[in-house]
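The values are calculated or read from the model by the stated rules, or taken from the named source; none is laboratory data. Computed from a predicted model, the values in this text were never measured in an experiment. Positions of Cβ are backbone-derived with ideal geometry, glycine not excepted, and every protein chain shown enters the neighbour counts.
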Amino acid sequence: MPLKGEFYQRDREWHPKAYTHDYKTSVARSPRQSLISLENTVSEITGPRFGHGDIDPGDNDLIYNYAQSGESAIGERIILHGRVLDENARPVPNTLVEIWQANAGGRYRHKKDTYLAPIDPNFGGCGRTITDENGYYFFRTVKPGAYPWRNWVNSWRPAHIHVSIFGTAFAQRLITQCYFEGDPLIPHCPILKTVPMQEGIEQLTAALDLNATIPLDTIAYKFDIVLRGRRSTLFENRLEGN
Amino acid sequence: MVQKLDYLKETPSQTAGPYVHIGLAPGAAGFDIYKQELGWDIAGPNAAGERIRVQGLVIDGMGAPVKDVLLEAWQANASGVYAHEESTGEVEDGFRGWGRVITDFDTGEWGFDTVKPGPVPGRYGSTQAPHINLWIVARGINVGLNTRLYFEDEDNSADPVLNGIEWVNRRSTLIAKRTEREGKVVYRFDIRLQGEGETVFFDI
Ligand SMILES: [Fe+3]
């Protein structure tokens, strides 16, 4: 196998800054010193790998993965699907994708969430899957509700699903959030507005996908995820030395 | 106009938020859903080397412990091999080198058990001193923070990454302190997000 090269540098003007005044929690949790730039070594170009022994086949079906037998989660039934790609548009196969979300009423199953919307006894709110050989993944779930949070007095999160992806290297590790086309809360969200470019916000917004909808059953949204790409060849003599 | 480059853009990062545990450590969120949670056993039963515990706090710019952090660790085994096809060598059966922990909701303490990693190859024929790569996410952290933990009782003098930090006095923020408690080796590593003694974070 030819040695592959470094990952492309993260575009720090495309990602949110650490310090974002209108997302108040970031103020005391943002480093003030510059990040120290590190050329990739073996520590960054490697990362954990996961296989089908790590998860169960039903882990990607949030409508049923926490439901009592014969029951199912309440809410608008949706498919969330797409591909994990790299910046060279190549699929990232066999990588772990984990998601978590509020229920259809906007309530999380978490001991720290005290919002008055009810817990759904048949909805846990998390799922996981491994991309196939083409980088494809899918989940079945219910569309999460919007919920209020303490930033300004009247701040509401748009409907969103949290997404965690590994890729093949620790340098590709990413957590993000997926939003839904047409949500009127999107332009008002202080967390979404940490993303500096409008095109970046659009990249985080899943499109209604009528082609993947199951008629009379489940609506679909498509959400492609892009991880850092890498050079195909090493320009240095060897990353690892001898 | 010039030709358009056809690269895709990396998906922008968003904060893990306060409920990260639901997705990545549901047991800690208060419910039992998966047959097995991932990342609780870093080294496995067969790994060679010194068994150690690593623990610490993540402290915010006001000096308060952050109580809703999730940390991931990535490390080589005692022979300096990562469990990955691009690292030369073999790891012991059951050694994954990857761990995931959350902080205690009341105290902010986090910790994990593992084996001490060995030195690994660096760039340009150099050698990197033993270290554990850490990735930190939480509510209020917009892009996951990368740092490294080194060991105070190892020879770190030739490490190319530490030596690449221009501000010599900041290098010590990456050095874990060795203690022993009840016969167990414990390395203490507090992470300061901001202000006095701010930990060095890397753009990897
Ligand atoms: Fe959320």
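This table checks each residue for (1) crowded, with 21+ Cβ neighbours inside 10 Å; (2) under 14 Å from the mean Cα position of the chain (by Cα); (3) within 15 Å of B:LEU149 (Cα to Cα).
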position	(1), (2), (3)
B:ALA48	no, no, no
B:MET62	no, no, no
B:LEU70	yes, yes, no
B:VAL91	yes, no, no
B:GLY94	no, no, no
B:TRP110	yes, yes, yes
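Could you check B:VAL120 against (1) farther than 30 Å from A:ASP61 by Cα; (2) without any contact (Cβ under 8 Å) to a residue 24 or more places away in the chain; (3) buried (at least 18 other Cβ atoms within 10 Å of the Cβ) and say which number it fails?
Condition not satisfied by B:VAL120: (2).
Residue-wise test of (1) within 12 Å of chain A (Cβ to nearest Cβ); (2) farther than 25 Å from A:ASP86 by Cβ; (3) not in a loop (DSSP other than H, G, I, E, B).
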site	(1), (2), (3)
B:LYS4	no, no, no
B:GLY39	yes, no, no
B:GLY44	no, yes, no
B:SER79	no, yes, no
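All but one of (1) within 29 Å of A:ARG10 (Cα to Cα); (2) in a loop (DSSP other than H, G, I, E, B); (3) touching a Lys or Arg at 6+ places or on another chain (Cβ under 9 Å) hold for B:ASP104, so report the exception by its number.
With (1) within 29 Å of A:ARG10 (Cα to Cα); (2) in a loop (DSSP other than H, G, I, E, B); (3) touching a Lys or Arg at 6+ places or on another chain (Cβ under 9 Å) applied to B:ASP104, the lone miss is (1).
Any idea which of A:THR168, A:THR176 is within 10 Å of chain B (Cβ to nearest Cβ) and assigned to a loop (DSSP other than H, G, I, E, B)?
Result: A:THR168 is the single residue among A:THR168, A:THR176 that is within 10 Å of chain B (Cβ to nearest Cβ) and assigned to a loop (DSSP other than H, G, I, E, B).
Checking the structure you have, find out if any residue of the range A:87-95 is at the interface with chain B (Cβ under 10 Å from one of its Cβ atoms), polar (S, T, N, Q) and buried (at least 23 other Cβ atoms within 10 Å of the Cβ).
Applying the first criterion (at the interface with chain B (Cβ under 10 Å from one of its Cβ atoms)) to the range A:87-95 yields A:87-90.
In the following step, the residues that additionally are polar (S, T, N, Q) were identified as A:88.
The next check asks that each one be buried (at least 23 other Cβ atoms within 10 Å of the Cβ); those that pass are none.
No, there is no match, as no residue in the range A:87-95 is at the interface with chain B (Cβ under 10 Å from one of its Cβ atoms), polar (S, T, N, Q) and buried (at least 23 other Cβ atoms within 10 Å of the Cβ).
Across the range A:149-161, what is the number of residues that are touching a helix residue (DSSP H, G or I) at 6+ places or on another chain (Cβ under 8 Å) and either assigned to a loop (DSSP other than H, G, I, E, B) or closer than 25 Å to A:TYR8 by Cβ (or both)?
2
From the residues in the range A:141-157 that are of a type outside the set (Ser, Thr, Tyr) and surrounded by 21 or more Cβ atoms within 10 Å (Cβ to Cβ), which one is nearest to the ligand (Cβ to nearest atom)?
Pass one, the range A:141-157, residues of a type outside the set (Ser, Thr, Tyr): A:142-146, A:148-154, A:156-157.
Pick out the ones that are also surrounded by 21 or more Cβ atoms within 10 Å (Cβ to Cβ) and you get A:142, A:144, A:157.
Details: A:VAL142: 15, A:PRO144: 8, A:ARG157: 6 Å.
Top of the filtered list is A:ARG157.
Mind checking whether some residue in the range B:127-134 is surrounded by 13 or more Cβ atoms within 10 Å (Cβ to Cβ) and part of a loop (DSSP other than H, G, I, E, B)?
Looking through the range B:127-134, at least one residue is surrounded by 13 or more Cβ atoms within 10 Å (Cβ to Cβ) and part of a loop (DSSP other than H, G, I, E, B).
Would you confirm, using the coordinates I've provided, whether A:THR25 is out of contact with any Phe, Trp or Tyr (no Cβ under 7 Å at 6 or more places or on another chain), buried (at least 22 other Cβ atoms within 10 Å of the Cβ) and at the interface with chain B (Cβ under 7 Å from one of its Cβ atoms)? Walk me through how you get there before you give the answer.
Numbers: out of contact with any Phe, Trp or Tyr (no Cβ under 7 Å at 6 or more places or on another chain): yes; buried (at least 22 other Cβ atoms within 10 Å of the Cβ): yes; at the interface with chain B (Cβ under 7 Å from one of its Cβ atoms): yes.
Yes; evaluated as a whole, the condition is true for this residue.
Which of the numbered conditions does A:GLU13 fail, given that it passes all the others? Conditions: (1) of a type in the set (Asp, Glu); (2) more than 7 Å from chain B (Cβ to nearest Cβ); (3) not in a loop (DSSP other than H, G, I, E, B).
(3)
Can you tell me which residue in the range B:13-59 is nearest to B:GLY197 (Cα to Cα), limited to those that are in contact with a Pro (Cβ under 9 Å, 6 or more places away or on another chain) and within 16 Å of the ligand (Cβ to nearest atom)? Before the answer, list the steps.
Step one: of the range B:13-59, the residues in contact with a Pro (Cβ under 9 Å, 6 or more places away or on another chain) are B:13-15, B:32-34, B:37-39, B:49, B:57-59.
Next, only the ones that are within 16 Å of the ligand (Cβ to nearest atom) stay: B:13-15.
Working: B:SER13: 26, B:GLN14: 26, B:THR15: 24 Å.
Filtering the range B:13-59 for residues that are in contact with a Pro (Cβ under 9 Å, 6 or more places away or on another chain) and within 16 Å of the ligand (Cβ to nearest atom), the one nearest to B:GLY197 (Cα to Cα) comes out as B:THR15.
Taking A:ARG109 and the conditions (1) more than 8 Å from chain B (Cβ to nearest Cβ); (2) within 15 Å of the ligand (Cβ to nearest atom), which numbered condition does it fall short on, given that it satisfies the others?
The single condition A:ARG109 does not satisfy is (1).
Got a sec? Which strands (runs of 3 or more DSSP E) wholly within the range B:145-191 have at least 3 residues that are over 30 Å from A:SER30 (Cβ atoms)?
In the range B:145-191, the matching strands (runs of 3 or more DSSP E) lie at B:175-181.
If you go through the range B:123-145 one residue at a time, how many are of a type outside the set (Ser, Thr, Tyr), farther than 26 Å from B:TYR19 by Cβ and at pLDDT 95 or above? So that I can check it myself, show each step before the final result.
First pass over the range B:123-145, keeping only residues of a type outside the set (Ser, Thr, Tyr): B:123, B:125, B:128-145.
Filter once more, keeping what is farther than 26 Å from B:TYR19 by Cβ: B:123, B:125, B:128-132.
When the remaining residues are screened for being at pLDDT 95 or above, the result is B:128-132.
Looking only at that region, the number is 5.
With the structure loaded, tell me whether A:TYR115 is among the hydroxyl-bearing types (Ser, Thr, Tyr), more than 9 Å from chain B (Cβ to nearest Cβ), within 12 Å of the ligand (Cβ to nearest atom) and surrounded by fewer than 24 Cβ atoms within 10 Å (Cβ to Cβ) or whether it fails that test.
Values: among the hydroxyl-bearing types (Ser, Thr, Tyr): yes; more than 9 Å from chain B (Cβ to nearest Cβ): yes; within 12 Å of the ligand (Cβ to nearest atom): yes; surrounded by fewer than 24 Cβ atoms within 10 Å (Cβ to Cβ): yes.
The answer is yes for A:TYR115.
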